[in-house]
Amino acid sequence: MTTHANAALTPRHRLKVARLVVDEGWPISEIAARFQVSWPTVKRWVDRYLSGESMQDRSSRPKNSPTKTSLAVTKRCISLRMRLREGPVQLAVRVGVAPSTVHRILRSARLNRLAHLDRATGELVRRYEHRYPGSLVHVDVKNFGNIPDGGGWRYVGRRQGEKNRSATPDKPKNKWRDPKLGYAFIHTVIDDHSRVAYSEAHDDETATTAVAVLHRAVEWFTDRGVTVERVLSDNGGAYRSHLWRGTCEELSITPKRTRPYRPQTKGKVERFHRTMADGWAYARCYTSEQERRDALADWLHHYNHHRPHTACDYQPPISRLTNVPGQYS
């Protein structure tokens, strides 16, 4: 236990005070004046020394707490929270204690936020992280609707957005039709330990494209001193193909897949795509899809090299790699 902030003496000096009085026979009043403390303070450490007790601060916790919440109530609050996902007010009525008591119990158990619970099972989400870069990378594809020339409805409004979406070179913008603009498929490879990410924008999510992205991502990580050992994907068709399996074998990478309907297993890449949507895909008004795609590289550099990440102690992801060219650029 550490000494409190207002302690007059450290444990080492307390022992010295006690020895001067007991072993060398100094008067308590003189020792108190010498160390600029009161004589009851000196007496306290002398008594501790004579009884063979520690000179460390004692806990201020009382020996008995008659009004302490019982273990049975605590367990019931936690069980109901995980099963029903109700808040402190609702749980307080069920258990028969104050809402503030329920909130304190949930905070102690790290269940005060529903985000800490698995949506499918209600179990506590256990955070994990591989011990070094390259031990595991997550791969996934995120699709964003392509932006029509002139801008999308998020920034120019639904009416003008529909006009932009319906216009073609052979038809003026006041002649509407309903074409399929298609999607931009963002293929992402993100390192589990460092959160350093590599992404490319494509027009499809076929196995051929996924394999090509993996080749370039592995080369990109190798240039930064990271050797990819395992790759975790969902059960999409591209990742169940023989081409994907053969490519992983060629690159000496062990392929792994999540259980069906368990996207939280690769939550790091899922969370990255949400950050990407806010920081890049819908961050500003793009007048064309090509303009947005051209901005992807700069945003990725900002994410990897400059954006603070809570999982990296508020440092950018690249800080978890060493001796990387341009690491601080």
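Looking at (1) in contact with a Leu (Cβ under 6 Å, 6 or more places away or on another chain); (2) modelled with pLDDT of 85 or more, can you tell me which one Asn112 breaks? Exception for Asn112: condition (2). Is there a residue in segment 261-269 that is under 26 Å from the mean Cα position of the chain (by Cα), under 17 Å from Leu136 (Cβ atoms) and β-branched (Val, Ile, Thr)? Yes; the residues of segment 261-269 include at least one that is under 26 Å from the mean Cα position of the chain (by Cα), under 17 Å from Leu136 (Cβ atoms) and β-branched (Val, Ile, Thr). Considering only residues in segment 302-311 that are over 19 Å from Lys142 (Cβ atoms) and in a helix (DSSP H, G or I), the one that is modelled with the highest pLDDT turns out to be His305.
Residue under question is Arg257, and the condition is that it be surrounded by 12 or more Cβ atoms within 10 Å (Cβ to Cβ), closer than 15 Å to Val137 by Cα and at pLDDT 95 or above; does it hold? For Arg257, the condition - surrounded by 12 or more Cβ atoms within 10 Å (Cβ to Cβ), closer than 15 Å to Val137 by Cα and at pLDDT 95 or above - is not met. Got at least one residue in segment 271-292 being assigned to a helix (DSSP H, G or I) and over 30 Å from Gly237 (Cβ atoms)? There is at least one residue in segment 271-292 that is assigned to a helix (DSSP H, G or I) and over 30 Å from Gly237 (Cβ atoms). It is to be established whether one or more residues within segment 33-44 are part of a helix (DSSP H, G or I) and small (Gly, Ala, Ser). Yes, there is a match, as at least one residue in segment 33-44 is part of a helix (DSSP H, G or I) and small (Gly, Ala, Ser). Reported count of residues in segment 42-88, each being aliphatic (A, V, I, L, M), more than 28 Å from the chain's Cα centre (by Cα) and at pLDDT 90 or above, is 6. Residues that are β-branched (Val, Ile, Thr) and assigned to a helix (DSSP H, G or I) were ranked within segment 213-235; the one that is nearest to Phe185 (Cα to Cα) is Val213. Scanning segment 155-162 turns up no residue that is modelled with pLDDT of 90 or more, in contact with a helix residue (DSSP H, G or I) (Cβ under 9 Å, 6 or more places away or on another chain) and surrounded by 15 or more Cβ atoms within 10 Å (Cβ to Cβ).
The values are calculated or read from the model by the stated rules, or taken from the named source; none is laboratory data. This structure is a prediction, so every number in the text was calculated from the model and none was measured. All Cβ positions, even for glycine, are placed from backbone atoms using ideal geometry, and neighbour counts span all protein chains on display.
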